[in-house]
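Take a look at the structure below.
Laboratory data are not the source of any read-out in this text; all were calculated from the coordinates shown. Since the structure is predicted, the reported quantities are computational estimates derived from the model, not experimental observations. All Cβ positions, glycine included, derive from the backbone under ideal geometry; neighbour counts span all protein chains shown.
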Amino acid sequence: MNRALTWVALAAATSLTLAACTDDTDPTAPTSSEAGTDVGTGSQSPDDVAGTSAAPDGGTATDDAASTSAGPINTFVPVAAGTERAWPEAIDTITKDGKEFTLFGVHRLAEGRVVVTGRIVGESQSTTASAEWFEPGYFRTMGGYEFSNVAVRGEDGVSHLPVRDADDRCLCSLSTQPYDGLEGPEAPAWVVLSAPSGVDTLDVEVMGIGTLEDVLVTDLPSTSSTPFGWAEVLTVESLAREAGTVTARATIANPSDLDPTYTLARHQFSFPELETQNCFQGLTAWSATDPTGRMAKDDQCHVGSMPPSGQQISLDVAVADPGGDQVVLLPDAGLPLVAQAAGTAAEGPAESLRTYAARTEQAGATVEQGEELTVNLDTEVLFEFDEATLTSEADEALAVAVETLQAQDGRAIVVAGHTDGQGSAERNMELSEQRAQAVAEALEEQLGDGWDITVEWHGMSRPAVEETGTPEQVEAAQARNRRVEIVVP
């Protein structure tokens, strides 16, 4: 059999840098890379921000003095008459343990991609806080509090999961701690998932709450305004494409009688490449192509707080152009927006573009198809506790792996064993080696000739996620870290 097994023990500890919180840490407090201004009071006005100069009207001087019907840019003005948070028509609502999710739709973005839209509601701030709505094992990854505990399924029963980039960030909405004084706080929510092509209906599972069956897959409705955050309204007044940048003239209005407690910068994931840019960049530009446009470098971007009660502010928001014919805007704290863009499409700078991998799960095997193919096998399915002999339940997970691998052009794979952080480093290294070898031998038998299999083992030295947070979050992180990973480079 034409196969080379290379048994390599790699003990160097390298881990993903993830922002996580402990039981006695406020899980909604922004990090220094998420906001460059005081986030405690929400009282900072645009002309208080360092690096800007006061304009005669009390706003900030900019190169673009143009204004829209909503008012001049970067300046708080009274909310326009008739502004209100208008929700789409609901399809259905599911509730459990004080949490409520209302589904607005499952919309086809492209072949293999859908976006699920809805609204989250809770009896209290604790049941509405976004820490309650993330995919297990992905708590607060790279800043931001995800709405990602969603999967869609077709008739084949395969669970299609939220798409994620190389740093584990989902393409999904974010949330913050609700304002004090909100009764039954509610916020918009959306998540982009991989999905089977050519289907008319899908089941939507909101993990830990319930499943909505046979939901019709529809086109994304055309709208330029959305509820935003916990009390605001976001409206895109215009959209322009030039030299690889999409610039949205956006207005954020606060028609409520409550004042925000965080800055504009809070509504975004933190991206290491642009971590010093602490302005509002809470938009994503989606096209039916890869990659997806995220925050663009912008020396003129606006820094400040969310508008206070009865006020609104208009901003020019720069996002990398993903290319493609049509642009859908995905606000980090709103619902998807469809707007006509003037100008010429051109793919933006690489540092502001993100590729999101398709992810599916069945029988304990999670397949991630991005720049490389990865199959993660759940060791709780493959092995008994602290054992390295494959169980009878492992057959189905291995069958998924074999079918996935045989569909690839490459015939060289790496099988790597990993454990969680419990127990001794020595025992974990030994266990990860034995489990990786067991999987490699099973794959060798089932794949047949012509495969080059390299085996590695890392013990606890390469966790996929930090094992921190509440007991439930720690348990989910440990479950994710216990894996045998098959990679096609």
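The alpha carbon centroids of the range 353-387 and the range 183-212 are separated by 21 Å.
Report the gain in length on full extension from Asp168 to Glu351: 0.36 nm times residue separation, minus Cα-Cα distance, nm rounded to one decimal. It would help to have the intermediate numbers written out before the result.
Working: separation 183, 0.36 × 183 = 65.88 nm, distance 1.62 nm.
Value of the extension gain: 64.3 nm.
Database remark: amide H of Met207 closer than 5 angstrom to the amide H of Val150, Ala151 (H placed geometrically; neighbours at sequence offset of 5 or more, or on other chains; Pro and chain starts carry no H).
With only the Cα atoms considered, the range 380-486 has a convex hull volume of 103 Å³ per residue. Multiplying the residue separation of Ala412 and Glu441 by 0.36 nm and subtracting their alpha-carbon distance yields 9.0 nm.
Karplus-derived 3J(HN,Hα) values for the range 260-265, using 6.51 cos²θ - 1.76 cosθ + 1.60 with θ = phi - 60°, are x, 10, 8, 8, 4, 5 Hz; glycine and proline are entered as x. Spin-label model, Ala80/Thr389: points 7 Å from Cα along the beta carbon direction are separated by 7.1 nm.
Here the simple spin-label model places points 7 Å from the Cα toward Cβ, and for Leu258 and Ala399 these points are separated by 5.0 nm. Judged by the gyration tensor of its Cα atoms, with axes a ≥ b ≥ c, the range 206-248 is prolate; a/c meets the 1.5 cut and a/b is the larger of a/b and b/c.
Between amide H atoms placed 1.01 Å from N, distances below 5 Å from Gly310 occur with Asn254, Ser256, all of them 5 or more places distant or on a separate chain. When the alpha carbon gyration tensor of the range 323-428 is reduced to an equivalent ellipsoid, its three semi-axes come out at 40, 18, 15 angstrom, largest first. Tally Lys/Arg at +1 and Asp/Glu at -1 over every other residue whose Cβ is under 15 Å from the Cβ of Pro227; what's the total? Within the 15 Å Cβ shell, the charges total -3.
With each label modelled as a point 7 angstrom along the Cα→C-beta vector, the Asp92-Glu372 pair spans 4.1 nm.
Normalised size of the range 66-355, defined as Cα radius of gyration per 2.2 N^0.38 Å with N residues, equals 0.94. Here's how it looks for Leu171: its modeled amide H is under 5 Å from those of Val163, Val192, which are all 5 or more places away or on a different chain. Rounded to the nearest whole Hz, the Karplus-based 3J(HN,Hα) values (6.51 cos²θ - 1.76 cosθ + 1.60, θ = phi - 60°) of the range 419-434 follow the sequence 10, 7, x, 7, x, 7, 4, 5, 5, 5, 5, 4, 5, 5, 5, 4, with x at glycine and proline.
The ranking of Tyr138, Tyr179 from fewest to most other beta carbons within 10 Å of each one's beta carbon is Tyr179, Tyr138. What the phi angles of the range 335-352 give under the Karplus curve with 6.51, -1.76 and 1.60, with θ = phi - 60°, is a coupling list of 10, x, 10, 10, 9, 6, 10, 8, x, 10, 6, 7, 4, x, x, 4, 5, 10 Hz, glycine and proline written as x. Over the range 289-341, the fraction of Cα-Cα pairs per 10 Å bin, rounded to whole percents and listed from the shortest bin up, is 18, 48, 28, 6.
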